[in-house]
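Remarks on the structure that follows.
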Amino acid sequence: MKININSTLSAAFDFYKNNLKKLLTFSAISVLPLILVQFVLNLALRPGMSTGFVFLGVLFDFAVLVLIIKCYLATDIFINGRLNDEALSIGEAFKLTRGRFWRYVGNAFLLGLIIVVPSFVLVFLNVPYAFSIMMVGFVFVMALYYPLTPMAALELQYGNLLGRARQMVKGNYARVVALQLITTSELTILHNICDTVFAGKTAALLAVDIVYYCLWFLLVPFAAVVSVLVYRELRGNEETAERTGY
């Protein structure tokens, strides 16, 4: 069954609107620490900073990364629960991430390698338009593994999540690419382009970051709703195929 982009976005917007307060709470838990991480990294990497401060900065960033990942998983658990008419609290959603964290981290790390290694090769070989190629590649690779986060959050079984995510997207890849662009990738690409254009201009980069994080704060929970809706539909397709043999 093909994903209907319009109906998916419409259903996501209705859910987002009806659960705005809690969704933005999840967003605050994940986005605000990202801003702190950037601030701490900027301080830690300044010339003259002590080794001890740099070490503490790295520890802080690692702790924040753990919180952000758990928040992404908890957000998907909360969204799925509400779609199933379960009155989950934010705390309950976080508790349900237990047993899912490291499985997600392992698969996300492998996905990161799939994206980062070719990017380093492009830069190392000084390939023309390497940045543009990396941005396009990022969109298409992320779309290929689009259901990964909700799958890790909502399923208890272990195994090759990347392989299953890729299999689930088959037949709907173009639609998933479109949803990926609409919900998150377009904003990320624009942010990276602005960073390149305004490189070395501190005030302009600060303004770009402020606008980016404000929009990201609003978009992150909406993107999560879309990804859970898509996962549920793709999972339904998978179950139908298992039943019918097609």
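The values are calculated or read from the model by the stated rules, or taken from the named source; none is laboratory data. Just so we're clear, the structure is a prediction, and the values are computed from it rather than from any experiment. Cβ placement follows ideal geometry from the backbone for every residue including glycine, while neighbour counts extend to all protein chains displayed.
Which is under 18 Å from L111 (Cβ atoms), out of contact with any Phe, Trp or Tyr (no Cβ under 7 Å at 6 or more places or on another chain) and part of a helix (DSSP H, G or I), of L179, L218?
L179
Could you tell me whether any residue of the range 198-206 is at pLDDT 85 or above and in a helix (DSSP H, G or I)?
Within the range 198-206, none of the residues are at pLDDT 85 or above and in a helix (DSSP H, G or I).
Hey, among the residues in the range 153-170 that are exposed (fewer than 15 other Cβ atoms within 10 Å of the Cβ) and small (G, A, S), which one's nearest to A143 (Cα to Cα)?
Filtering the range 153-170 for residues that are exposed (fewer than 15 other Cβ atoms within 10 Å of the Cβ) and small (G, A, S), the one nearest to A143 (Cα to Cα) comes out as G163.
Quickly run through the range 76-87 and pick out the residues that are over 12 Å from N19 (Cα atoms) and not in a helix (DSSP H, G or I).
N84, D85, E86
Search the range 89-130 for residues being surrounded by fewer than 14 Cβ atoms within 10 Å (Cβ to Cβ) and polar (S, T, N, Q), and hand back the single one that is nearest to A165 (Cα to Cα).
Only one residue tops the list, namely S89.
From the set of residues in the range 43-87 that are under 14 Å from I29 (Cβ atoms) and among the hydroxyl-bearing types (S, T, Y), which is modelled with the lowest pLDDT? Before the answer, list the steps.
Here is the first cut: in the range 43-87, the residues under 14 Å from I29 (Cβ atoms) are 63-78.
In the following step, the residues that additionally are among the hydroxyl-bearing types (S, T, Y) were identified as 72, 75.
On the way: Y72: 90, T75: 93.
Checked the range 43-87; the qualifying residue modelled with the lowest pLDDT is Y72.
Being modelled with pLDDT of 90 or more, under 20 Å from Y72 (Cβ atoms) and within 18 Å of the chain's Cα centre (by Cα) narrows it down to one residue among L187, L215, L148, L161; which is it?
L148
Let's see how each residue does on (1) under 24 Å from G112 (Cβ atoms); (2) without any contact (Cβ under 8 Å) to a residue 24 or more places away in the chain; (3) outside any helix (DSSP H, G or I):
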residue	(1), (2), (3)
V139	yes, no, no
P150	yes, no, no
L156	yes, no, yes
T183	yes, no, no
Y212	yes, no, no
A224	yes, no, no
Y231	yes, no, no
L234	yes, no, no
T240	no, no, no
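Quick check on my filter: what residues within the range 164-179 are within 16 Å of the chain's Cα centre (by Cα) and under 26 Å from F94 (Cβ atoms)?
A165, the sole residue that qualifies.
Hey, any hits in the range 201-216 for a residue that's out of contact with any Gly (no Cβ under 7 Å at 6 or more places or on another chain) and under 19 Å from T149 (Cα atoms)? Steps first, answer last, please.
First, the residues of the range 201-216 that are out of contact with any Gly (no Cβ under 7 Å at 6 or more places or on another chain): 201-216.
Add one more test, that the residue is under 19 Å from T149 (Cα atoms), and what stays is 216.
Within the range 201-216 (the criterion being out of contact with any Gly (no Cβ under 7 Å at 6 or more places or on another chain) and under 19 Å from T149 (Cα atoms)), the answer is yes, since at least one residue qualifies.
Is one or more of the residues making up the range 97-116 more than 29 Å from I3 (Cβ to Cβ), among the basic types (K, R) and outside any helix (DSSP H, G or I)?
Yes: the range 97-116 contains one or more residues that are more than 29 Å from I3 (Cβ to Cβ), among the basic types (K, R) and outside any helix (DSSP H, G or I).
Given the conditions (1) farther than 21 Å from T75 by Cβ; (2) modelled with pLDDT under 80, report the number of the one that N172 does not fulfil.
Of (1) farther than 21 Å from T75 by Cβ; (2) modelled with pLDDT under 80, only one is false for N172: (2).
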